[in-house]
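Input: a single structure, listed below in structure tokens.
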Amino acid sequence: MEKHTPIFAIYGTDPKVKMIDFGGWGMPVDFGDGIIPEHNAVRCDAGLFDVSHMGECYVKGRDAAAYLSWICTNHISTMQDGQCMYTLMCYENGTVVDDLLVYRINGASYLLILNASNTEKDLAWLQGHTAGYSVVVEDASSSFAQLALQGPKAVEILIQLVPDCADMKGFTFRQDVNVGGIDCLVSRTGYTGEDGYELYCASTDGCALWKLLLEKGKPYGLVPCGLGSRDTLRIEAKLPLYGHEISDTITPLEANLGVFVDLEKDDFCGKAALSKQKAEGIPRSLRGVKMVDGGVPRAGYKVFHGTEEIGYVTSGTKSPTLDAFIAYVLVKRDTGLVFGDTVDVEIHGKLRKAELVRTPFYKHVR
């Protein structure tokens, strides 16, 4: 049976909204005007996303910090109350279970945000690896609605309801924030490459919060946005998507996410494999390409250097910001290729030329 977020009650039957099945969830691709206008709204003004399909769980107990330090690649023990951190969970072989956000409520209580398509798998993984630790992993996914307010005018919009939210630093959060009478956790995070916030409230308050933010944001150009623009925005900003840039066949080091892997800490699941890979030489690397020839570089398309197949496309799209076809490719590291060199992407049986370029394709500057 298809699952629906609490906000589905507002837009789910609107004929203008384009809906798709996304990992078992009925989710909007766009709200009627198309992906490009929504993308541009986030880059220029603001967009509001329903991301209530994401999973949430609490990790609680005396050993919560030690347990998460072993489960996660990043250094959880350095976190302070009110801080959130991006990290990954790895299998013993160094490939990725999932990437996630960890919110430290206190030293014995953490909130984890899980990818929607991986929630059940992640919970099973977390709950199956608590041996030796005094912790409890509690699924809280059904109790939350999550909205993402993103864009250069996000601060202007939210300060109407939370005047001091502009003072929040990136990757911090506040609990028990009164947002127009709705109790929220407000986080200075996002998945678009723009400034903004993610707001968590009780699932029963989700529709009210959605309507309130759209009302307050209308004079600032705020529009509801779907998964289509969320994908083009995150590709431009080089934000990984599970099953594409990271997966159970790709390590964080291959995905150029080594900055989130602390090989200096005592131990974590997958450390031995990742240390070995780094010492022996990382075999593949995630690179950015901009198409020279026509054609859309879709995920899975083969990449060639001369006659040699060297990798494949992980994600590709038409960039509304650059007005160009762009992609990330996972390719062999021993090719000697440098920025400005070209490779060929096989599109519909024909080789199309693409130039290796620096990434991210887009970087927001405050």
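Filter the stretch 260-303 for residues that are touching a Gly at 6+ places or on another chain (Cβ under 7 Å) and basic (Lys, Arg); which is surrounded by the most Cβ atoms within 10 Å (Cβ to Cβ)? Steps first, answer last, please.
Taking the stretch 260-303 and keeping what is touching a Gly at 6+ places or on another chain (Cβ under 7 Å), we get 270, 273-274, 277, 284, 296-299, 303.
When the remaining residues are screened for being basic (Lys, Arg), the result is 284, 298.
On the way: Arg284: 19, Arg298: 14.
Checking each candidate, the answer is Arg284.
Does Leu111 meet the test of being touching a helix residue (DSSP H, G or I) at 6+ places or on another chain (Cβ under 6 Å) and within 30 Å of Ile159 (Cα to Cα)?
Details: touching a helix residue (DSSP H, G or I) at 6+ places or on another chain (Cβ under 6 Å): no; within 30 Å of Ile159 (Cα to Cα): yes.
For Leu111, the condition - touching a helix residue (DSSP H, G or I) at 6+ places or on another chain (Cβ under 6 Å) and within 30 Å of Ile159 (Cα to Cα) - is not met.
Looking only at the stretch 320-366, count how many residues are at pLDDT below 95 and touching a helix residue (DSSP H, G or I) at 6+ places or on another chain (Cβ under 6 Å).
Matching residues across the stretch 320-366 total 0.
Which number in (1) hydroxyl-bearing (Ser, Thr, Tyr); (2) closer than 30 Å to Lys153 by Cβ; (3) in a loop (DSSP other than H, G, I, E, B) marks the one condition that Tyr86 misses?
The number of the failed condition is (3).
Among the residues of the stretch 83-116, what is the count of those that are among the polar types (S, T, N, Q) and in contact with a Phe, Trp or Tyr (Cβ under 7 Å, 6 or more places away or on another chain)? Break it down stepwise before answering.
First, the residues of the stretch 83-116 that are among the polar types (S, T, N, Q): 83, 87, 93, 95, 106, 109, 115.
Of the ones still in play, those that are also in contact with a Phe, Trp or Tyr (Cβ under 7 Å, 6 or more places away or on another chain) are 83, 87, 109, 115.
Number of matching residues: 4.
Could you check the stretch 12-33 and list, in sequence order, the residues that are modelled with pLDDT of 95 or more and either outside the structural domain of Gly226 (by TED's automatic domain parsing) or of a type in the set (A, V, I, L, M, F, W, C) (or both)?
Val17, Met19, Ile20, Trp25, Met27, Val29, Phe31
The values are calculated or read from the model by the stated rules, or taken from the named source; none is laboratory data. The structure presented is a predicted model; accordingly, all values stated were derived computationally and were not measured. Heads up, the Cβs are rebuilt from the backbone with ideal geometry, glycines too, and the neighbour counts pull from every protein chain shown.
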